[in-house]
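Here's the structure we're looking at; comments come further down.
Every number here is computed from the coordinates shown, using simple stated rules; none is lab data. Predicted, not measured: the structure shown is a model, and the values here were computed from it. Counting neighbours? That spans all protein chains shown, and the Cβs are built from the backbone with ideal geometry, glycine included.
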Amino acid sequence: MTSTILSVEITDNDLKLALKHLENAAYNLTPLMCRWSETLKTATDLNLEAQERPRWQPSVAALARQCMTLSQDEYLRRSVTPEYDAHQVLVGTNRVYARLHQQGGKAGRGRSVTLPLRPYLPVFEGGQLQAEVKRQLLDEVLDYLQQATHC
């Protein structure tokens with residue numbers, strides 16, 4: 001008994017073109033990184049506004065002034081800037097006190113004050129993204145790839 005090998009060649013030009021667009025989109029992710037930078041900046045702004053994720057302990061100064069923690073002068077919010085290129089997104093600030101608020105720690109003269117964790121960036125210790133932000137970024141990847149295949 002002889003075996004027959006079946007060979008199929010796809011000659012559909014629309015499919016070939018869609019695959020070429022997908023290849024190009026995967027090579028240059030700049031449009032996706034731009035969207036991600038906007039998403040991460042928006043998530044940061046929302047965290048500062050909500051003062052949670054997880055819920056922050058209010059600062060003594062904010063309680064005394066009856067205002068929001070880390071928001072009196074808006075310096076921190078305005079200093080958070082996104083940067084991106086074809087392969088990465090960076091969201092951060094040049095404010096000296098920013099890391100201390102994100103991660104918590106000792107501050108003041110003689111490091112006599114312990115500041116609690118107030119994670120305003122949408123990332124936790126160990127690099128884990130907030131669940132809703134991660135979901136949104138993944139949705140943006142799918143949307144980006146779907147748009148890339150449209151001819």
Check: Of the residues 35, 77, which single one is within 19 Å of residue 144 (Cβ to Cβ) and not acidic (Asp, Glu)?
Finding: 35
Checklist line | Residue tally, condition in a helix (DSSP H, G or I) and β-branched (Val, Ile, Thr), over region 113-133 | finding: 1
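When the residues of region 113-135 are narrowed to those that are more than 24 Å from residue 38 (Cβ to Cβ) and hydrophobic (A, V, I, L, M, F, W, C), which ends up surrounded by the fewest Cβ atoms within 10 Å (Cβ to Cβ)? Spell out how you get there, then give the answer.
If we filter region 113-135 for residues that are more than 24 Å from residue 38 (Cβ to Cβ), which is where we start, we get 113-117, 125-126.
With the extra rule that they be hydrophobic (A, V, I, L, M, F, W, C), the set shrinks to 113, 115, 117.
Values: 113: 11, 115: 16, 117: 15.
Among those that are more than 24 Å from residue 38 (Cβ to Cβ) and hydrophobic (A, V, I, L, M, F, W, C), it is 113.
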Check: Among the numbered criteria (1) outside any helix (DSSP H, G or I); (2) in contact (Cβ under 8 Å) with a residue 12 or more places away in the chain; (3) of a type in the set (Ser, Thr, Tyr), which single criterion is violated by residue 11?
Finding: (2)
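In region 35-70, which residues are among the hydrophobic types (A, V, I, L, M, F, W, C) and more than 20 Å from residue 107 (Cβ to Cβ)?
Within region 35-70, 36, 40, 43, 46, 50 qualify.
Quick check on this structure: which one of 37, 112 is without any contact (Cβ under 8 Å) to a residue 40 or more places away in the chain and among the small types (Gly, Ala, Ser)?
Working: 37 fails: without any contact (Cβ under 8 Å) to a residue 40 or more places away in the chain.
Being without any contact (Cβ under 8 Å) to a residue 40 or more places away in the chain and among the small types (Gly, Ala, Ser) holds for just one of 37, 112, which is 112.
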